[in-house]
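Beneath this line is the structure, given in structure tokens, with notes to follow.
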Amino acid sequence: MSSSSKAASDLNPRTTHYEFLGPPGALAITIGVPAMTYALYFGCSESHGGCPPPIDTALILDSLSDPSWWKGLWDTQAALAYLAWYAFIVVAWVILPGDWVDGVPMRNGETKKYKINAFSTALLTFGVVAGVIYRYGPEPLTFIYDHWLGLVTASILMAVVQGLGCYLASFRKGALLALGGNSGNPIYDFYIGRELNPSIGSFDLKSFNELRPGLILWALIDIGMVCEQAIRRGGFAKVTDSMWLVVAFQLFYVIDALYNEPAILTTMDITTDGFGFMLAVGDLAWVPFVYSLQARYLVFNQIELGPINTALIVLVNLAGYYIFRAANGEKNDFRNGRNTKNLQYMTTESGRKLLTSGWWGRSRHPNYMGDLLMAFAWSLPTGFNTPITYFYVTYFAVLLIHRERRDSEACKIKYGKDWDKYKKLVPWRIIPYVY
């Protein structure tokens, strides 16, 4: 073996540990995530019989065996609109000013720089949308509701193209691979992401997709659902309090994430995971079209909550947000050398420090607890007539539990015996005295 080949193999070792039950699980999720995105539309839609519609197995099987049904998933107008949207977001990244921030040093000794302008991109988007509504009224934004299925298809196809393109490009010489995505199995590596940070020049695809095209589109979809309900009810003044509440919660969450864009640079998605179909379909399709389910439901199931129920739901959301932001604030301050609260910590043999007091003394992931409370608050305005609108909080709980276990396994490898000591000091994983 040549010295250059040995150096490459040392830097990009073969992945020996599978996640998601290996290639069979990766294949199942690769098919299952798009299928579930479609299922949540067909299973909760006024044009298909309600939320949920009556189950007719024969009709479902007939539809799936009918080529015309599959053709109906395609919508040229929607595909062009989605491409235009993605192009707009890319152009905004290029032309809008933004600070260049260092990421976490990578194992090859390099440190990537990331352009921080997601918040200004959102402001530009909202400005354009406000201008359209002011000039033409809410009608143009109802395109989203009317072409929902085609937009879902377009976003999934974009994820497939990006996932496949990044997988193929990862075989070029000099690519830094994700430690978990170099198994040699094409199905698994395509799904999990083979290359750590696929980029075109200074344009980092993974960090770009993390916040911009899907997250801002989620906000845009919510606004579109308000417009759709406004048309049906005779104006924005008659939009239900439940719709305003869901949209306010979710827009605040989106804007907060965009404003705090540098915080994502220390997350597992950016520092550890490769960019493959898993992140692509999650960012581009799952986030905007699944997370907006409550707002879409409220278009055709219009619920008035009243002031007392509204206030109670607001309190739940505020409690979740406070925990989420306070916990993340403690962590980020501590990582940046600031410990204004004099929080207690333990020092590992490697010299790294782990918080053992404050929010991070209550559980190992208190920010996840805040996330779950907010997710629950987003579903409460839809009432209790259907469990489908609570899919998001259920899915999110499963996701966060899995993510916490992935993180725990990684920390066990990273800290060894010190991690066992830490777990004794902070025994609860997410919710104190519960889990």
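The values are calculated or read from the model by the stated rules, or taken from the named source; none is laboratory data. Since the structure is predicted, the reported quantities are computational estimates derived from the model, not experimental observations. So basically every Cβ, Gly included, is an ideal-geometry build from the backbone, and we count neighbours across all protein chains shown. Quick note on the areas: whole protein, heavy atoms, side chains included, nothing else; ligands and nucleic acids left out. Shrake-Rupley method; radii C 1.70, N 1.55, O 1.52, S 1.80 Å.
Would you mention how many residues in the stretch 365-394 are buried (at least 21 other Cβ atoms within 10 Å of the Cβ) and more than 21 Å from the chain's Cα centre (by Cα)?
Here the count works out to 2.
(1) of a type outside the set (Val, Ile, Thr); (2) out of contact with any Lys or Arg (no Cβ under 7 Å at 6 or more places or on another chain); (3) outside any strand (DSSP E or B): which one isn't true of Trp360, the others all being true?
The number of the failed condition is (2).
Mind telling me which of the residues Ala175, Ala159, Ala122 ends up being touching an Asp or Glu at 6+ places or on another chain (Cβ under 9 Å) and either β-branched (Val, Ile, Thr) or buried (at least 20 other Cβ atoms within 10 Å of the Cβ) (or both)?
The conditions single out Ala159.
Based on what the data block shows, is Cys166 modelled with pLDDT of 95 or more, open to solvent by less than 20 Å² (accessible area, probe 1.4 Å), in contact with a strand residue (DSSP E or B) (Cβ under 7 Å, 6 or more places away or on another chain) and part of a helix (DSSP H, G or I)?
Answer is yes for this residue.
Take the residues of the stretch 261-271 that are modelled with pLDDT of 90 or more and open to solvent by 40 Å² or more (accessible area, probe 1.4 Å): which is nearest to Asn197 (Cα to Cα)?
Result: Thr271.
Looking only at the stretch 278-290, decide whether some residue is touching a strand residue (DSSP E or B) at 6+ places or on another chain (Cβ under 9 Å) and of a type outside the set (Val, Ile, Thr).
Within the stretch 278-290 (the criterion being touching a strand residue (DSSP E or B) at 6+ places or on another chain (Cβ under 9 Å) and of a type outside the set (Val, Ile, Thr)), the answer is no, since none of the residues qualifies.
Go through (1) part of a helix (DSSP H, G or I); (2) touching an Asp or Glu at 6+ places or on another chain (Cβ under 6 Å); (3) over 25 Å from Val246 (Cβ atoms) for Ile187 and report which single condition fails.
Condition not satisfied by Ile187: (2).
With Gly184, Gly193 as the choices, which residue is touching a helix residue (DSSP H, G or I) at 6+ places or on another chain (Cβ under 8 Å) and over 22 Å from Ile95 (Cβ atoms)?
Numbers: Gly184 fails: touching a helix residue (DSSP H, G or I) at 6+ places or on another chain (Cβ under 8 Å).
Just one listed residue meets the conditions, Gly193.
When you check Lys112 against the structure, is it under 29 Å from Tyr259 (Cα atoms) and open to solvent by 20 Å² or more (accessible area, probe 1.4 Å), yes or no? Please lay out each step first, then the result.
Numbers: under 29 Å from Tyr259 (Cα atoms): yes; open to solvent by 20 Å² or more (accessible area, probe 1.4 Å): yes.
So Lys112 passes the test.
Any chance the stretch 334-354 includes a residue that's open to solvent by less than 20 Å² (accessible area, probe 1.4 Å) and in a helix (DSSP H, G or I)?
Within the stretch 334-354 (the criterion being open to solvent by less than 20 Å² (accessible area, probe 1.4 Å) and in a helix (DSSP H, G or I)), the answer is no, since none of the residues qualifies.
Please determine whether any residue of the stretch 198-216 is part of a loop (DSSP other than H, G, I, E, B) and aliphatic (A, V, I, L, M).
So far as the stretch 198-216 goes, no, none of its residues is part of a loop (DSSP other than H, G, I, E, B) and aliphatic (A, V, I, L, M).
Which of (1) in contact with a Phe, Trp or Tyr (Cβ under 9 Å, 6 or more places away or on another chain); (2) open to solvent by 50 Å² or more (accessible area, probe 1.4 Å) is the odd one out, the single condition Pro97 does not satisfy?
(1)
In this structure, does Leu124 turn out to be touching a Ser or Thr at 6+ places or on another chain (Cβ under 6 Å), among the aliphatic types (A, V, I, L, M) and in contact (Cβ under 8 Å) with a residue 24 or more places away in the chain? Before you say what the answer is, go through the steps one by one.
On the way: touching a Ser or Thr at 6+ places or on another chain (Cβ under 6 Å): no; among the aliphatic types (A, V, I, L, M): yes; in contact (Cβ under 8 Å) with a residue 24 or more places away in the chain: yes.
No; evaluated as a whole, the condition is false for this residue.
Restricting attention to the stretch 425-433, does a residue exist that is of a type in the set (A, V, I, L, M) and over 23 Å from the mean Cα position of the chain (by Cα)?
Taking the stretch 425-433 and keeping what is of a type in the set (A, V, I, L, M), we get 425-426, 430-431.
Now narrow it down to the ones that are over 23 Å from the mean Cα position of the chain (by Cα): 425-426.
Yes; the residues of the stretch 425-433 include at least one that is of a type in the set (A, V, I, L, M) and over 23 Å from the mean Cα position of the chain (by Cα).
When you check Ile216 against the structure, is it assigned by the TED database to the domain that holds Lys113 and open to solvent by less than 20 Å² (accessible area, probe 1.4 Å), yes or no?
Yes.
Among all residue pairs at least 6 apart or on different chains, which show Cβ distances below 6 Å where the first residue, located in the stretch 371-382, is over 9 Å from Gln294 (Cβ atoms) and the second is outside any helix (DSSP H, G or I) and of a type in the set (Gly, Ala, Ser)?
Filtered contacts from the stretch 371-382: no entries.
A quick yes/no check of all residues on (1) farther than 27 Å from Thr310 by Cβ; (2) part of a helix (DSSP H, G or I):
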{"residue": "Asn385", "(1), (2)": "no, no"}
{"residue": "Tyr390", "(1), (2)": "no, yes"}
{"residue": "Thr394", "(1), (2)": "no, yes"}
{"residue": "Ile401", "(1), (2)": "yes, yes"}
{"residue": "Glu409", "(1), (2)": "yes, yes"}
{"residue": "Lys412", "(1), (2)": "yes, yes"}
{"residue": "Asp420", "(1), (2)": "yes, yes"}
{"residue": "Lys423", "(1), (2)": "yes, yes"}
{"residue": "Pro427", "(1), (2)": "yes, no"}
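Hey, does the stretch 57-73 have a residue that's in contact (Cβ under 8 Å) with a residue 40 or more places away in the chain and either within 31 Å of the chain's Cα centre (by Cα) or surrounded by 11 or more Cβ atoms within 10 Å (Cβ to Cβ) (or both)?
Yes: the stretch 57-73 contains one or more residues that are in contact (Cβ under 8 Å) with a residue 40 or more places away in the chain and either within 31 Å of the chain's Cα centre (by Cα) or surrounded by 11 or more Cβ atoms within 10 Å (Cβ to Cβ) (or both).
Of everything in the stretch 239-260, what is of a type in the set (Ser, Thr, Tyr) and buried (at least 22 other Cβ atoms within 10 Å of the Cβ)? Give them in sequence order.
Once the filter is applied, which keeps residues that are of a type in the set (Ser, Thr, Tyr) and buried (at least 22 other Cβ atoms within 10 Å of the Cβ), the stretch 239-260 yields Ser242, Tyr253.
If I ask for residues that are touching a Lys or Arg at 6+ places or on another chain (Cβ under 6 Å), of a type in the set (Phe, Trp, Tyr) and either over 18 Å from Ser357 (Cα atoms) or open to solvent by 40 Å² or more (accessible area, probe 1.4 Å) (or both), which ones from the stretch 399-435 would you list?
Correct list: Tyr435 only.
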